[in-house]
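Have a look at the structure below before the remarks.
The values are calculated or read from the model by the stated rules, or taken from the named source; none is laboratory data. Just so it is clear, the model here is predicted, and its values are computed rather than measured. All Cβ positions, even for glycine, are placed from backbone atoms using ideal geometry, and neighbour counts span all protein chains on display. Please note that ligands, DNA and RNA were not included when accessible areas were found on the heavy atoms of the full protein model with its side chains. Shrake-Rupley method; radii C 1.70, N 1.55, O 1.52, S 1.80 Å.
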Amino acid sequence: MTTPELLGFQITHRAMRGETRRLAVLATELAEGRQTADVARAAAVGAYVTRLCAGIHHHHVSEDEVLWPVIERSAGAEVDLRDLSDDHSELDPLLAEVVGQAATFASTVSTGDASRLAALLTRLADMLDEHIEEEERLLFPIIMKYVSVADWEKVEKAVRKGGDIRTELPRIEEYARPEELVRLRRMAGPVLTVLLSLLRGGHRRRRRMIYGPLADG
Ligand SMILES: [Fe+2]
């Protein structure tokens with residue numbers, strides 16, 4: 001391969017956006033009484049929101065600490081990362097607020113109020129949509145043009161390290177389109193198939209608990 005393979009990053013971005021939006025919709029429906037949560041479901045939602053936010057934070061830290069320096073070294077004056085860095089600084093306190101509110105929701109579910117959590121998750125989903133669209137539009141062409149395959153592999157390794165494989169790997173299967181999954185399987189080899197089959201059951205159980213019995217995936 002002579003150019004970096006961006007598919008893994010693309011799917012991670014898609015999953016981060018998709019899950020944040022899906023949780024925002026769920027919290028809104030809970031707040032409006034269109035769905036209900038008992039203690040177990042509220043705990044599962046709270047824990048999942050916390051894990052998702054930790055994953056998003058980790059992704060941004062990896063970008064700040066590993067990807068940005070690689071881009072600056074490879075592309076120099078071609079790119080200005082300040083807006084994207086500012087977005088990360090703005091997203092950080094919001095992520096912390098979401099995590100705090102998820103814990104509050106999980107511990108006070110008897111009052112049934114998810115409205116604050118819904119508002120925060122909706123704001124987070126909107127900001128992530130905008131940030132990730134901008135990041136892909138601005139950086140993907142630069143990465144393809146200037147970053148070496150070896151440097152890109154270092155970035156991907158840093159992103160993977162410290163990630164939550166139990167949540168993030170099965171999510172790839174959910175968010176990758178069929179032809180993308182074929183490509184990923186070809187790149188990763190049989191280990192991906194084995195890991196996915198090991199993690200699939202637990203992932204589905206957690207999703208049914210969070211999103212309800214009709215949740216796919
Ligand atoms: Fe970012």
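Details
- Förster radius 41 Å - calculated FRET efficiency between Arg205 and Thr104 (Cβ-Cβ, nearest 0.05): 0.95
- Mean Cβ neighbour count within 10 Å, used as a protection proxy, ranking 193-206, 88-101 highest first: 88-101, 193-206
- The string of couplings for region 158-168 from the Karplus curve (6.51, -1.76, 1.60, θ = phi - 60°) is 5, 5, 5, 5, x, x, 9, 4, 4, 8, 7 Hz, one whole number per residue in order, with x for Gly and Pro.
- Computed on the chain, with alpha-carbon pairs under 8 angstrom and 6+ residues apart, the relative contact order is 36 percent.
- Binning the alpha carbon pair distances of the chain at 10 angstrom intervals from zero yields the distribution 8, 32, 34, 20, 6, 1, expressed in whole percent.
- For region 112-157, the convex hull spanned by the alpha carbon atoms encloses 71 Å³ per residue.
- Accessible solvent surface per residue of the chain, calculated while the other protein chains remain in place, 1.4 angstrom probe, Å²: 51
- With a simple spin-label model that places each label point 7 Å from the Cα along the Cα-to-Cβ direction, the separation between Asp80 and Asp92 comes to 2.2 nm.
- Computed from backbone phi with θ = phi - 60° and the Karplus coefficients 6.51, -1.76 and 1.60, the 3J(HN,Hα) list for region 60-72 is 5, 4, 4, 5, 4, 8, 10, 5, 4, x, 4, 5, 5 Hz; x is used for glycine and proline.
- Taking only protein heavy atoms and a 1.4 Å probe, the accessible area of region 99-217 is 59% carbon and sulfur.
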